[in-house]
Every structure is written in C-alpha cells, then in structure tokens.
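Visitor: Have a look at the structure that comes next, please.
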Amino acid sequence: MSDPNAPSYAQPTKDKARRLSLTHAVELVTSRRDAAAIVRRDHPKRVRRALLNSEIVGDRLAERLARTTT
C-alpha cells in the first residue's frame, strides 16, 4: 500500500512544472520543429571528416563502411 507520509505528486508547483515542460516539448516537435534539432545540420559531415582524418584505424574503417552502406 502507499505510505500516507510520502510526498504527494499532486502538489501545485509540480503540476505546473509538468504542464509547462510538456507544453514546451509538444511545441518544439510541432510548431517549432525547425528550431528543435538534436544536432546541428552539419553534424554528419563533421563526424565523417573526423573519421577520415583520424589516426585510429578503426575510425577510418567505420567511415569506409558508412560510405558503402549509404
């Protein structure tokens, strides 16, 4: 059973914080989708460049494999 002395999740400040964060999240993936990128637009290009310029053999191999599978 639940502990009657446990903190409640129905506190007004918690309700407000949840509502604001969910509203913001929905806004980002709908009306502000262009501004909500997880990574910059040039991220794949920068990763590929880093793999090509790497001294680590496994990195260069990964780049070659990525090139053949795309």
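None of the figures in this text is laboratory data; all of them are computed from the coordinates on show. Keep in mind that this is a model prediction, so the values were computed, not measured. Here the Cβ is made from the backbone with ideal geometry for all residues, glycine too, and neighbour counts use every protein chain on show.
Visitor: Within segment 32-59, which residues are under 18 Å from the mean Cα position of the chain (by Cα) and assigned to a loop (DSSP other than H, G, I, E, B)?
Guide: Within segment 32-59, Arg32, Ala36, Ala37, Ile38, Val39, Arg40, Arg41, Asp42 qualify.
Visitor: OK, next. Just need a number here: residues in segment 7-31 that are in a helix (DSSP H, G or I), more than 18 Å from the chain's Cα centre (by Cα) and surrounded by 10 or more Cβ atoms within 10 Å (Cβ to Cβ).
Guide: Residues that pass the stated criteria total 7.
Visitor: It is to be established whether one or more residues within segment 35-47 are charged (D, E, K, R) and surrounded by 11 or more Cβ atoms within 10 Å (Cβ to Cβ).
Guide: Within segment 35-47 (the criterion being charged (D, E, K, R) and surrounded by 11 or more Cβ atoms within 10 Å (Cβ to Cβ)), the answer is yes, since at least one residue qualifies.
Visitor: Here is a follow-up. Which residues, taken from segment 48-62, are among the charged types (D, E, K, R) and surrounded by 10 or more Cβ atoms within 10 Å (Cβ to Cβ)?
Guide: Hits for segment 48-62 are Arg48, Arg49, Asp59, Arg60.
Visitor: Let me ask something else about it. Pull out all pairs, ordered by first then second residue, where Cβ-Cβ is under 7 Å, the residues are six or more apart or on different chains, the first lies in segment 44-65 and is free of Cβ contacts under 8 Å to residues at least 12 places away in the same chain, and the second is exposed (fewer than 12 other Cβ atoms within 10 Å of the Cβ).
Guide: none
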